[in-house]
Amino acid sequence: MSDLVNMKVTKAIKQTMPGLYSVLRQIYWMSRRQKPLTKLLGAKWQRSRDLIEVYITYKCNLKCINCDVSSRQAQSDEKMTIGQINKFIGESINAGVKWKKIRVMGGEPTLHSDILEILNLLLNYKETYSPDTRIQLITNGFGKVVNNILSQVPEKIEIENSNKRQPTSVFQLLILRLRIVYLINLRIIQMRVWLHHTAE
Ligand code: SF4
């Protein structure tokens, strides 16, 4: 019951205040993977053999400072081809793998020129071979081009939209700076603890 209430509250914030939701979500994600919380609650990420993340492109229309796939620092035109997606699906079927979840990621995956074809191929795998597979498209939701593609995505694809924005206002820049200061401070504290332990 409380999970249901939490989900409804989260959904309501996400829909009515996407900016606030995005900031809170990022604070949660940054904090949840720090040592004190992982010690208390366990590892944030568990290894899984049922879930696969497919990085179809490193192109992106944003330049986030904390980009974890280096799309900001080293954008590349490299991308997965339709042939590679077909090969992945074929190998999954031949090996009898029914993925619990397939996450289509980037960069910004909607900027891949064949994104809709890729999603339809994955949907076909789901519908003909593995009906319980959840297919998720992970997007930053930024800009007209991205949103135009999002509006054409088949209904059965789940869209995980982080609603990222280019920091333009003073408030957004302030939040960004606070996040950087927060991360630097954490690193300094961790380094001090590490030096203290190695000196003992
Ligand atoms: S939107 Fe994602 S992939 Fe693009 S720069 Fe930001 S973190 Fe990197």
Test Ile56 against the criterion of being touching a residue at least 40 places away in the same chain (Cβ under 8 Å), away from the ligand (no atom under 16 Å from the Cβ) and β-branched (Val, Ile, Thr), and give yes or no. no
Quick one: how many residues across region 28-53 are within 14 Å of the ligand (Cβ to nearest atom) and at pLDDT below 85? 2
If only one of Ile102, Ile82 is more than 16 Å from the ligand (Cβ to nearest atom), in contact with a strand residue (DSSP E or B) (Cβ under 8 Å, 6 or more places away or on another chain), modelled with pLDDT of 95 or more and aliphatic (A, V, I, L, M), which one is it? Ile102
Being among the charged types (D, E, K, R), within 12 Å of the ligand (Cβ to nearest atom) and in a loop (DSSP other than H, G, I, E, B): is that true of Asp77 here? no
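Could you say whether any residue in region 85-97 is in a loop (DSSP other than H, G, I, E, B), within 16 Å of the ligand (Cβ to nearest atom) and not hydrophobic (A, V, I, L, M, F, W, C)?
There is no residue in region 85-97 that is in a loop (DSSP other than H, G, I, E, B), within 16 Å of the ligand (Cβ to nearest atom) and not hydrophobic (A, V, I, L, M, F, W, C).
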Test: residue in region 60-77 that is out of contact with any helix residue (DSSP H, G or I) (no Cβ under 7 Å at 6 or more places or on another chain) and farther than 30 Å from Leu178 by Cα: yes
Between residues in region 148-162 that are farther than 14 Å from Ile118 by Cα and residues that are assigned to a loop (DSSP other than H, G, I, E, B) and within 15 Å of the ligand (Cβ to nearest atom), which pairs lie under 8 Å by C-beta distance while being six or more apart or on different chains? Asn161/Asn140; Asn161/Gly141; Ser162/Asn140; Ser162/Gly141
Given Val23, Val9, which one is modelled with pLDDT under 95, within 18 Å of Lys164 (Cα to Cα) and among the hydrophobic types (A, V, I, L, M, F, W, C)? Val23
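The values are calculated or read from the model by the stated rules, or taken from the named source; none is laboratory data. The structure presented is a predicted model; accordingly, all values stated were derived computationally and were not measured. Please note: Cβ atoms are built from the backbone with ideal geometry, for glycine as well, and neighbour counts cover all protein chains shown.
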